[in-house]
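Here is the structure we will look at, set down as structure tokens.
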Amino acid sequence: MVSRGLLIGRFQPFHKGHLWAVREILNREDEIIIGIGSAQDSYSIENPLTAGERVEIVREVLKNLGVLDRAVIIPIPDINENLAWPGRVIELTPRFDRVYSGNELVLMLFERFGIETVKLEHINRDIYQGRVIRELIVKGEPWEHLVPESIIPLLKKFGFEERIRRLAARR
């Protein structure tokens, strides 16, 4: 039977820490399910990209890695009920064997459902964070080195930098 690991993230934007996690999971599992978290949110400073844009970005990363055939991408909206959320995720996704996360709350919630979890260590957490990347953009500082090179054309196409700046100016 095929083994599958689940990774849920907001990917605002997808960065090299996410890339490390995807590679780590695919070294351990036959397939990966990537859940696009907070799928209902977009055009805010915390969640500037739409779920559709994030799906395109993740697909590009997977295509570039040559593993698109080993992955499923599923948008997952928030429901703001922690104990009910894993059930909603299970309802929306194909079967999975393990949940991978660096988020302690995510691990606890899935463990409560009897699902095996694997804690992922954050690498270079001080710089590999969507919040940090968005802040660098607002300050006009270099940020592109923090994301996979293959997605930069998509981020440009989506007007990611301009969107961040305009959203930050609204605050």
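Points to keep in mind about this one:
- Within the stretch 102-118, being in contact with a strand residue (DSSP E or B) (Cβ under 7 Å, 6 or more places away or on another chain) and either basic (Lys, Arg) or within 11 Å of ILE25 (Cβ to Cβ) (or both) holds for one residue alone: VAL118.
- Applying the set (1) more than 17 Å from PRO13 (Cβ to Cβ); (2) open to solvent by less than 50 Å² (accessible area, probe 1.4 Å) to ARG170 leaves exactly one unmet item: (2).
- Matching residues, the stretch 141-155, being crowded, with 18+ Cβ neighbours inside 10 Å and of a type in the set (Val, Ile, Thr): VAL147, ILE151
Condition check ((1) free of Cβ contacts under 8 Å to residues at least 40 places away in the same chain; (2) within 24 Å of VAL147 (Cα to Cα); (3) open to solvent by less than 50 Å² (accessible area, probe 1.4 Å); (4) touching a Cys at 6+ places or on another chain (Cβ under 6 Å)) across all residues:
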{"position": "ASP69", "(1), (2), (3), (4)": "yes, yes, no, no"}
{"position": "TRP85", "(1), (2), (3), (4)": "yes, no, yes, no"}
{"position": "VAL89", "(1), (2), (3), (4)": "no, no, yes, no"}
{"position": "SER101", "(1), (2), (3), (4)": "no, yes, yes, no"}
{"position": "LEU105", "(1), (2), (3), (4)": "yes, no, no, no"}
{"position": "PHE113", "(1), (2), (3), (4)": "yes, no, no, no"}
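- In the stretch 11-32, residue nearest to the chain's Cα centre (by Cα) [restricted to those that are in a loop (DSSP other than H, G, I, E, B) and buried (at least 22 other Cβ atoms within 10 Å of the Cβ)]: PHE11
- Matching entry among ILE127, ILE123, ILE133 (being β-branched (Val, Ile, Thr) and modelled with pLDDT of 95 or more): ILE133
- Just one residue in the set VAL55, VAL61 is part of a helix (DSSP H, G or I), buried (at least 19 other Cβ atoms within 10 Å of the Cβ) and among the hydrophobic types (A, V, I, L, M, F, W, C); that residue is VAL61.
- Looking only at the stretch 1-54, residues that are under 15 Å from VAL67 (Cβ atoms) and either among the aliphatic types (A, V, I, L, M) or touching a helix residue (DSSP H, G or I) at 6+ places or on another chain (Cβ under 9 Å) (or both) come to 18 in all.
- The set of residues in the stretch 125-140 being exposed (fewer than 13 other Cβ atoms within 10 Å of the Cβ) and within 16 Å of the chain's Cα centre (by Cα) consists of ARG125, ARG131.
- Considering ILE151, ILE127, ILE133, the condition of being of a type in the set (A, V, I, L, M) and outside any helix (DSSP H, G or I) is satisfied by ILE127 alone.
- Test result for VAL99, within 16 Å of the chain's Cα centre (by Cα), within 15 Å of LEU7 (Cβ to Cβ) and assigned to a helix (DSSP H, G or I): no
The values are calculated or read from the model by the stated rules, or taken from the named source; none is laboratory data. What you see is a predicted model, and the numbers here were worked out from it, not measured in a lab. A quick note on method: Cβ atoms are made from the backbone with ideal geometry, for glycine too, and the neighbour counts reach across all protein chains shown. Areas reflect the complete protein model, heavy atoms only, side chains present, ligands, DNA and RNA absent. Shrake-Rupley method; radii C 1.70, N 1.55, O 1.52, S 1.80 Å.
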